Amino acid sequence: MSTSPAAIILAAGKSTRMKSELPKVLHKVCGKPMIEHVLDAVRQTGVTKIVVVVGHKAEQVSGALDHHDDVEFALQAEQKGTGHAVMMAEVALRDHTGPVLVLAGDTPLLKGGSLKGLLDEQQKNEAACVVGTAVTANNAGLGRIVRDDSGKFLRIVEHKDASSEELKIEEINTGCFAFDGPELFNALKELRPENQQAEYYLTDCAEILLKQGKTVLAANRLDIQEAMGVNTQDQLSEVEGVMKQRKAG
C-alpha cells in the first residue's frame with residue numbers, strides 16, 4: 001500500500017484544432033514537450049508515482065515519455081470523457097491509499113507550489129476532493145465555482161449550463177484536482193454520462209462526493225495563467241510567451 005501522493009495526467013485526447021499530426025501534449029513549449037512541464041511541476045510536490053493516460057497516438061506519447069522511471073501508462077482506447085480517462089488509471093493505482101492529483105497534460109504553466117497547495121488543503125482538511133480554482137473576469141467558456149452564502153462549495157457549473165447569475169461568477173474550475181485516492185475511484189463508479197456529449201465528466205465526482213456527505217472544498221490556489229490549456233497553435237504561442245516572461249523575470 002502506498003500513502004504518498006500520486007498523480008494522474010490526462011493525455012489521451014485528440015485535438016483537431018491544433019491542425020497537426022503531432023499529439024497535442026508533445027508540442028514543444030520553450031524547447032520541450034508541454035507534458036514534460038506538467039511532469040516537472042508534479043515532481044515538485046513529492047509525488048512518487050505518475051500515471052499518464054494515453055489514447056490518441058498512444059504509442060507516440062508513451063514512447064516520448066517512457067524514459068521516466070516514475071511514469072506508468074494507462075490506455076483510454078475510446079475517448080469517453082475525463083471521468084472515463086481517470087477510470088483507466090485505477091489498475092495502476094489499485095494499491096494506492098494516499099492522495100491523487102488529477103491534471104491535464106496540456107497545461108504547461110502549472111506551478112509545483114500551487115499543486116502542493118492543493119495537496120496540503122486535501123491533507124489538512126481530510127477532504128475527499130479539493131477543486132483547484134482561479135479567479136478571472138475573462139471567464140467565457142469556463143466552468144464556474146458555485147458556493148453557498150457562507151462560502152462553502154456547492155458545485156461546478158459548465159458555462160453552457162449556467163444561469164445568468166452564475167455566468168457572472170469569476171471563480172473558475174482550473175481542471176486541477178486533489179482527491180483522496182480511494183474516494184476518487186469510489187465516486188467514479190457513480191458517474192453517469194447524462195449530458196449532451198454522453199461523456200463521463202470528472203467534475204461530477206465533486207458533487208457525488210458532496211452528496212455522500214464527504215468533505216469537498218474549492219481552493220483558490222492557482223492563478224489564471226496556470227489554467228491555460230493549449231488547444232490551438234495561437235494558444236501554444238501565448239503559453240510560450242508567458243513561460244519566457246517567467247524565465248526572464
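Answer with yes or no whether ASN195 is out of contact with any Pro (no Cβ under 6 Å at 6 or more places or on another chain) and either within 17 Å of ALA218 (Cα to Cα) or part of a helix (DSSP H, G or I) (or both).
No, not satisfied.
Among the numbered conditions (1) open to solvent by less than 30 Å² (accessible area, probe 1.4 Å); (2) more than 20 Å from GLN122 (Cβ to Cβ); (3) modelled with pLDDT of 95 or more, tell me where ASP148 comes up short.
With respect to (1) open to solvent by less than 30 Å² (accessible area, probe 1.4 Å); (2) more than 20 Å from GLN122 (Cβ to Cβ); (3) modelled with pLDDT of 95 or more, ASP148 is out only on (1).
Residue pairs, Cβ under 8 Å, 6 or more apart or interchain, first in the range 37-55 and in a strand (DSSP E or B), second among the polar types (S, T, N, Q) and surrounded by fewer than 24 Cβ atoms within 10 Å (Cβ to Cβ). List them.
LYS49/SER2; LYS49/SER4; VAL52/SER62; VAL53/GLN76; VAL54/SER62; VAL54/GLN76; GLY55/GLN76; GLY55/GLN79
Could we say that LEU103 is modelled with pLDDT of 95 or more, part of a strand (DSSP E or B) and open to solvent by less than 30 Å² (accessible area, probe 1.4 Å) here?
Yes; evaluated as a whole, the condition is true for this residue.
List every residue pair whose Cβ atoms lie under 7 Å apart, where the two residues are 6 or more positions apart in sequence or sit on different chains, the first residue falls within the range 12-29 and is within 16 Å of GLY63 (Cβ to Cβ) and surrounded by 20 or more Cβ atoms within 10 Å (Cβ to Cβ), and the second residue, located anywhere, is among the hydroxyl-bearing types (Ser, Thr, Tyr) and modelled with pLDDT under 90.
LYS24/SER15
Given the structure, is LEU118 part of a helix (DSSP H, G or I), at pLDDT 95 or above and open to solvent by less than 20 Å² (accessible area, probe 1.4 Å)?
Yes; evaluated as a whole, the condition is true for this residue.
Any idea which of GLY112, GLY132, GLY181, GLY213 is loosely packed, with under 15 Cβ neighbours inside 10 Å and of a type in the set (Gly, Ala, Ser)?
From the options GLY112, GLY132, GLY181, GLY213, the qualifying one is GLY213.
The values are calculated or read from the model by the stated rules, or taken from the named source; none is laboratory data. Predicted model, so just to flag it, every value in this text is computed and none were measured. With ideal geometry, Cβ positions are generated from the backbone for all residues, glycine too; neighbour counts draw on all protein chains shown. All accessible areas refer to the heavy atoms of the entire protein, side chains included, with ligands and DNA or RNA removed. Shrake-Rupley method; radii C 1.70, N 1.55, O 1.52, S 1.80 Å.
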